[in-house]
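I have placed the structure first, in the form of structure tokens, so that the comments after it can refer back to it.
The values are calculated or read from the model by the stated rules, or taken from the named source; none is laboratory data. Bear in mind the structure is a predicted one, so any value in this text is a computation, not a measurement. Glycine also receives a Cβ, built like all others from the backbone with ideal geometry; neighbour counts cover every protein chain displayed.
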């Protein structure tokens, strides 16, 4: 599948088959994350790879009881590490670049899952402290996104998009 097919075919998946994801596919996703661009190549984020049923359930509860998270065989949690970016970029690195870095890494992971025939759904609605507790993250890391990953048990239809005329402003 080429890049444009991957983007066009990607949908948020919230139902997963009860099938483990092969380690080779997990490794490919992690390698893709590691190749994601970041400010100053600092990679001001931490990725948590969660397999444990207990931790996936805790993450589902932390995400306002979005239980589909616990049904995915693998969950990735992306946390910004502002202090890592602040070393080089000061306040802007701390407040913005670290968040962007974690977001870009998650976007790359989401596209990698689609390319590998897997599904994922970006989850941004959660209690940050509960997420930290679920994965054992320190208080100075900021949870940015939860990405449950697995084989899709659903095939969502196309969702309407804004027209390019509405979306883009040429200046």
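Computed values, structure above
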| read-out | value |
| --- | --- |
| Residues satisfying the stated conditions in segment 122-152, i.e. touching a helix residue (DSSP H, G or I) at 6+ places or on another chain (Cβ under 8 Å) and under 17 Å from residue 25 (Cβ atoms) | 147, 148, 149, 150 |
| Test: residue in segment 133-141 that is surrounded by fewer than 20 Cβ atoms within 10 Å (Cβ to Cβ) and closer than 30 Å to residue 4 by Cα | no |
| When residues of segment 53-66 are limited to those that are in contact with a helix residue (DSSP H, G or I) (Cβ under 7 Å, 6 or more places away or on another chain) and assigned to a loop (DSSP other than H, G, I, E, B), the one surrounded by the fewest Cβ atoms within 10 Å (Cβ to Cβ) | 66 |
| Elements of type helices (runs of 4 or more DSSP H) contained in segment 94-171, each with 1 or more residues being out of contact with any strand residue (DSSP E or B) (no Cβ under 6 Å at 6 or more places or on another chain) and in contact (Cβ under 8 Å) with a residue 24 or more places away in the chain | 98-115, 128-135 |
| Candidates 69, 29, filtered to the one that is closer than 19 Å to residue 133 by Cα and crowded, with 21+ Cβ neighbours inside 10 Å | 69 |
| Hits in segment 149-171 - residues which are closer than 16 Å to residue 120 by Cα and modelled with pLDDT of 95 or more | 149, 150, 151, 152, 153 |
